[in-house]
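Worksheet for the structure shown next.
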Amino acid sequence: MKRVRRWVPSFLLVLPSIILVGIFVYGFIGKTVFASLARVKTKSGRIKAPGGWANYSQLLADDRYQHAMWNLLVLTVVFVAGTMIFGLLWALLLEKGVTGEGFFRSVFLFPMAVSFVAAGVIWRWLLSPAKDGQATGLNQLFVHLGMPGLQSSWYSSGKFNMAAMAIPAIWQLSGYIMALFLAGFRGISEDQREAARVDGASEFKLYWNVLFPQLSPIALSALIIVGHMSMKMFDLIYAIAGQSSYTAEVPATLMWTQMFQLNNPTSAAVNATILLVIVAVVVIPYLVYTNRTEKGGRS
């Protein structure tokens, strides 16, 4: 009876949150999955969605969806690699204790305070595909510097156009990854560094064999965070390329088109469910690994 008295007040305190999450998160997820399996027939008798798993086969076979998935792959690879590399590089520079560290840390973190939409408006001008006499943004800068050969169409054409779209995202989130790595460096005691130096380890070996291995949990967390963010990125792409850009289309923006322009909520639900599964495949193993690690640390 005493145990019941202990947990009942706590349970009642979190009960409203449980109900709201159950309805507005898991309830809507269930509704979306159910809608993705619906059979849709137009008034003229044309079958718009065959129903069941055939809806998924239909979308996966669609050239436009395959194009969106390729764009997402390019965006994710470049975005994840860029944020991890620049974040680690900046953390290494600040970890050395440079003069004015607080200033540089603020400069690197400032882009995170800017919304994706606001950043997208700025980067839409910087990444303008206009060239030569009509050039603006970075292309105009290359012209003024006497390097017109560096002008690019950026996100507007090419098979790897989404690599350019990843530049604003890298600029915005590298500071966050830097903060994670910097906190990891500062959490390693100075005694370990001194012991390695006494044993004759060079600075390279100190970082490679002593410091970097201890940052692997942070690196994994950062990888999961930026990876799942890239998969569901919508607002930055919407702000830069517009709501109906085919060249810069990813599943999240295609979902908008399916829902509000093509009036095809079933395909949009299929698209959303596939995205959910992709994100779950990335996030759930990480959560299981983290939970086991925490339990192992407590035992």
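Since every read-out is calculated from the coordinates, none of them should be taken as a lab result. If you're wondering where the values come from, they're calculated on a predicted model, not measured in any experiment. Positions of Cβ are backbone-derived with ideal geometry, glycine not excepted, and every protein chain shown enters the neighbour counts.
Estimate the FRET efficiency between VAL107 and ALA201 by the formula 1/(1 + (r/R0)^6), using the beta-carbon distance for r and 30 Å for R0, to the nearest 0.05.
Details: r = 32 Å, r/R0 = 1.07.
After rounding to 0.05, the efficiency reads 0.40.
Relative to the present Cα-Cα distance, how much length would full extension add between VAL281 and SER221 at 0.36 nm per residue of separation? Numbers along the way, then the final one.
Working: separation 60, 0.36 × 60 = 21.60 nm, distance 1.47 nm.
Length gained, VAL281 through SER221: 20.1 nm.
Using the crude model of +1 on Lys and Arg Cβ and -1 on Asp and Glu Cβ, and no other charge, please compute the dipole size for the chain relative to its Cα centre, in debye to 20.
That gives the chain a dipole magnitude of about 1420 debye.
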Computed over the chain: relative contact order in percent, which uses C-alpha pairs under 8 Å that are six or more apart: 26 percent
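When you count, for each residue, the other Cβ atoms within 10 Å and take the mean per peptide, how do 15-27, 219-231, 68-80 rank with the highest first?
Descending packing order for the listed peptides: 68-80, 219-231, 15-27.
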statement: A student applying the Cα gyration tensor rule (rounded when a/c is under 1.5; otherwise prolate if a/b is larger than b/c, oblate if not) would label the range 6-148 oblate
- prompt: To the nearest 0.05, how large is the calculated FRET efficiency for TRP125 and ARG292 if R₀ is 35 Å and r is the Cβ-Cβ distance?
  reply: 0.15
- request: Report the calculated FRET efficiency for ALA81 and LEU150 (r = Cβ-Cβ distance, R0 = 22 Å), to the nearest 0.05.
  value: 0.55
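Over 22 Å between Cα atoms: which of LYS48/LYS159; LYS48/LYS232; LYS96/LYS205 fall into that group? Could the numbers behind the result be given before it?
Values: LYS48/LYS159 30 Å; LYS48/LYS232 26 Å; LYS96/LYS205 16 Å.
Distance filter (> 22 Å) returns LYS48/LYS159; LYS48/LYS232.
Using only the alpha carbons of the range 64-297, what is the convex hull's orientation-averaged projected area in square nanometres? Don't jump to the answer; show the numbers that get you there.
Numbers: hull surface 66.4 nm².
Computing the convex hull of the Cα atoms and averaging its projections yields 16.6 nm².
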statement: trypsin sites (Lys or Arg not before Pro) in the range 107-213 lying in a DSSP loop, each with at most 12 other Cβ atoms within 10 Å of its Cβ, come to LYS159
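Only Cα pairs under 8 Å and at least 6 apart count here; give the relative contact order of the range 1-126 as a rounded whole percent. Before the final figure, lay out each step's value.
Numbers: 31 pairs, mean separation 10.8, N = 126.
Taking the mean separation of contacting Cα pairs over the length of the range 1-126, I get 9 percent.
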